[in-house]
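Notes to accompany the following structure.
The values are calculated or read from the model by the stated rules, or taken from the named source; none is laboratory data. As the structure is a computational prediction, the values presented were derived from the model and not from experiment. Cβ atoms come from the backbone with ideal geometry, glycine included; neighbour counts cover every protein chain shown.
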Amino acid sequence: MTSPAGRRMRAWVPTLQDLGEALLTLATTTLGLAVAVWLIDGVRSDNPGAIVAAAFVVALGDLLLGAPLRFLARRGSAVLALGLGLLAQVAVLWLALAVVPGISADDVWDVLAVLVLTAVVMAIGRWIMGANDSDYVVSVLVRRARRHARRQGIVEPSAGAPRRGGMLVVQFDGVAAPVLREAIEAGLAPNIQRWITNGDHVLEDWWARIPSTTPASQAGLLHGDSGQIPAFRWWDRDLGRLVVTNHPEDAALVEGRLTTGKGLLAGGGSAISTMFSGDATTAYVVMSRSRTKGPDGGLGPGPAYVRFFASPFVLARAVTVSAAEMVKELYQARRQRVRDVQPRISRAGWYVVLRGISNVLLRDLNTSLVAEALLRGDPTIYVDLVDYDEIAHHAGPTRPESLRSLEGLDRVLGTLERVIAVAPRDYQIVVLSDHGQALGATYEQLGGETLLDTVRGLMAEPGADGVDSGTGEDWGPLNALVNSALNLTRGTAVLGPDQGRPKQQDADDLPDVVTVGSGNLGLVWFPRVAQRLTLEDFQERWPGLVTGLAARPGVGVVVVDTADRGLVAIGPRGLVLLEQDDAEPEGEDPLLPYGPRGRPDLLRAARLPHTGDLLLISTVGETGHVHAFEGQVGSHGGIGGAQNHAFVLHPTRWLMDDELREPVGDDEILVGAESVHEQLIRWAAAEGLRP
C-alpha cells in the first residue's frame, strides 16, 4: 500500500481531457474577446496576439485568485463570497486589458461590456462545439479535484480503487414516470438511457398520494412525515391565517412540526435548493433555513459559491443564457397561440423571467454546489432541480418545450457523473421525482368562474368576505434565493402572488370563506367557525352548498365529514361512505374514475389535521385530463392522470425491499413519499452513511 508521504510525492500528469478542456476554454475566451474588441468602441487591440495573451492572463488570474477568495469566504459569508466573486471577475478582466501590450479599455463600463459580450460568445461557441453547459460550470472544479486526487494517489473508479460509499439524490421536480420513459425513447435523456441499458440502474414507479405536491412529497422524502401538509397552501385554524409553504417562515414552521432530527441528511449530509432541510448539516438555498443565521442558514457556507461567482465569465454567461431562455419562452408561447394549442394558459408576465432564472441560473448554481459537496465528500447529498416543473405548469406536461427541458437535466447527471469519478467517495446516484403532472383546462376556463366565486354563489352570499389563494409555486426557488441572500432576522421578503396573504387575525376579522387550489385538489374553509364543519352543519347553514359543488362542471367528488357516519364522498350522481368498508355506493360510485388508490388516498387526505371543511377533486377524463383549481394547464396536487405516477431510478445493486411495496392496480410499488424515505434510509444505512 502506498504511504501518505508517497502519495503526496506523486506528480500530476494532465490527461488529454484536461488539455482539451483547457484549450476549449482558451479558444472560446479568445474568440469572445475578439468579438468584444470588434464591437465595443472603448476597447481596442493592435494585433491578434494581444487578444490571445489577454485570454491567458484571464486564465492565470482565475487560477491565482481562487485560493485567497476561498480563504476569505470561509471567514465571511456566502454573500461575501458572491460579492468578492463578482469583483474578481471584473478585476481579472480589467487587469488583463491593462497589462497586456496592444489591448486596452477606456473605463470600467467597457470592461463590464466585454465581460457580458465575451460570455455570450463563449456560450454560443460551446453550444456549436457540442460542449455541455453544466460541464463548463464545474470544469475547473473537476480539473482541480483530478489534480488533488492524483497527488493523493486516488485513482478513478475505472482503475478499481476502493472508496467509501456515498449517496447523491437528484430530484427531477414534477417529472412523471411515463414522461421520463417517453423522453428516454425520444433520445432526450441519453445518460439515463445508458445507465439503464448497461444494467447500472433500474427505473421504477412509486405512487405520490394526495396531496401530490412538492412540500408534501419532499417532507415525506426528507423527513419521513408529510402528515402536517394537506396541500401546497392551507388555512391553519390555530394560527388564524394561511400557511404557504414556499414562504421561508412558513417552511420553517412546518419543518419544526415534523422533524425528529433523524432526517435523510442527518449526520453530515447536504441539502441544496430544497423546501425542507432533511436535518442536513449543511444547507444551500433551503427554504426552511433561508432566514437562519450561522453557517447552516441563509445561502449556506461561502466557499462553495466562490468557484461559481469568481470564475471569469461563468456568472455573466449564466445571466446571458438566462436572457436567451426568456427569449425562447416568448417564442414558444407565441407558437402555442398561433397554432391555437388547447388547452393553454397565458405564459406572459413574471413567468418569463422566472423560467430564465430557474432553468439556467439556478440550475448552473445548483450543479456547482452539488459538485463542491461531492468533492468535499459529504456522505449524503440531496438536490432539487425544478426546470421541468416550471415549464410544464405553463406549457403542459408533454408539450415539446417541457420534454426538451429534460435534456438539460440529463446533462446535469452526466456532469455530476464526471465529478463523482474524482470525488473522495464512490457515490451512487438515485434520481427520483416528487410527483408527476396532469394536463387539462383549468376549472375557471371550464365554468367561467373561480372556486371562490362558485362557493359564494352557492352560499347565496356573493359579497361574502373571501380569500382565494392563487398560484405561487413558481416563485418558490426565487423566494428561497432572495431570502437566503438577504438573511433577514425579522420579516420576510416574499415575491409573487401570495405576498399579500393575511397574517394572524382576531376572530372578528377572519374571512367568511377561504378557498385554495393545489392542482385539481381544492380545499374550502369557513374560518369564523372554530371547528371543522360537518355535512349536517352545511345542510343547516347553506343547504345547497355541498350538493351544488358536486354538480358543478369540472367537479368530480366532494368529501365532507358527517356527525355519525364518518367521511362521505359525494359525486354528481351518487355517494359513498369512505370509513365504512362494507358500505355500498348509493347511485353511481363517484370514486371509480380515480382508480384503485382513490378511496384510500381520499380517506387519508380528508383526515389530515389541517385539511379543509370541504375537499374537492376535479373530474378526470378518459385521457387523464384534470381541471386545476388554480391557473395551471399542467397541474398536480390531487389524483388523476400521471400526477401520482412518480419515479425512482436507483442503482441495480441497491434492491428495493418487497416488504415496502403495496399493490396499485396490477403493480406492486412503493406508496407514499414516506415509503421512499424508508427505502433511501435503508440504502444509506447499508452503505454506512447513517450516524
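Each residue in region 414-443 was checked for being under 21 Å from Trp654 (Cβ atoms), modelled with pLDDT under 95 and not charged (D, E, K, R), and 7 pass. Here Asp468 fulfils each of the conditions (1) free of Cβ contacts under 8 Å to residues at least 60 places away in the same chain; (2) outside any strand (DSSP E or B); (3) in the same structural domain as Leu614 (by TED's automatic domain parsing) apart from (2). In region 600-632, of all residues being part of a loop (DSSP other than H, G, I, E, B) and in contact with a Leu (Cβ under 6 Å, 6 or more places away or on another chain), the one that is surrounded by the fewest Cβ atoms within 10 Å (Cβ to Cβ) corresponds to His625.
Out of the residues in region 31-52 meeting the condition of being assigned to a helix (DSSP H, G or I) and in contact with a strand residue (DSSP E or B) (Cβ under 7 Å, 6 or more places away or on another chain), tell me which one is surrounded by the fewest Cβ atoms within 10 Å (Cβ to Cβ).
Within region 31-52, the first condition is being assigned to a helix (DSSP H, G or I), and the residues that meet it are 31-39, 48-52.
Narrowing further to those that are in contact with a strand residue (DSSP E or B) (Cβ under 7 Å, 6 or more places away or on another chain): 36-37, 50-51.
Values: Ala36: 26, Val37: 22, Ala50: 20, Ile51: 23.
By that ranking, first place goes to Ala50.
Go over the candidates Val576, Val558 one by one and state the one that is part of a strand (DSSP E or B), farther than 24 Å from Asp453 by Cα, in contact with a strand residue (DSSP E or B) (Cβ under 6 Å, 6 or more places away or on another chain) and modelled with pLDDT of 95 or more.
Val576
Count of region 633-666 residues, restricted to those that are under 20 Å from the mean Cα position of the chain (by Cα) and either within 16 Å of Leu523 (Cβ to Cβ) or at pLDDT below 95 (or both), is 4. Considering only region 605-612, I want to know if a residue exists there that is more than 17 Å from Asn520 (Cβ to Cβ) and either in contact with a strand residue (DSSP E or B) (Cβ under 6 Å, 6 or more places away or on another chain) or of a type in the set (Lys, Arg) (or both). Within region 605-612, one or more residues are more than 17 Å from Asn520 (Cβ to Cβ) and either in contact with a strand residue (DSSP E or B) (Cβ under 6 Å, 6 or more places away or on another chain) or of a type in the set (Lys, Arg) (or both).
Can Val352 be described as surrounded by 21 or more Cβ atoms within 10 Å (Cβ to Cβ) and among the hydrophobic types (A, V, I, L, M, F, W, C)? It is false that Val352 is surrounded by 21 or more Cβ atoms within 10 Å (Cβ to Cβ) and among the hydrophobic types (A, V, I, L, M, F, W, C).
From Arg194, Arg209, grab the single residue that is farther than 18 Å from Val286 by Cα and free of Cβ contacts under 8 Å to residues at least 40 places away in the same chain. Even if it seems obvious, please write down each step before you answer.
Details: Arg209 fails: free of Cβ contacts under 8 Å to residues at least 40 places away in the same chain.
That would be Arg194, the only listed residue that is farther than 18 Å from Val286 by Cα and free of Cβ contacts under 8 Å to residues at least 40 places away in the same chain.
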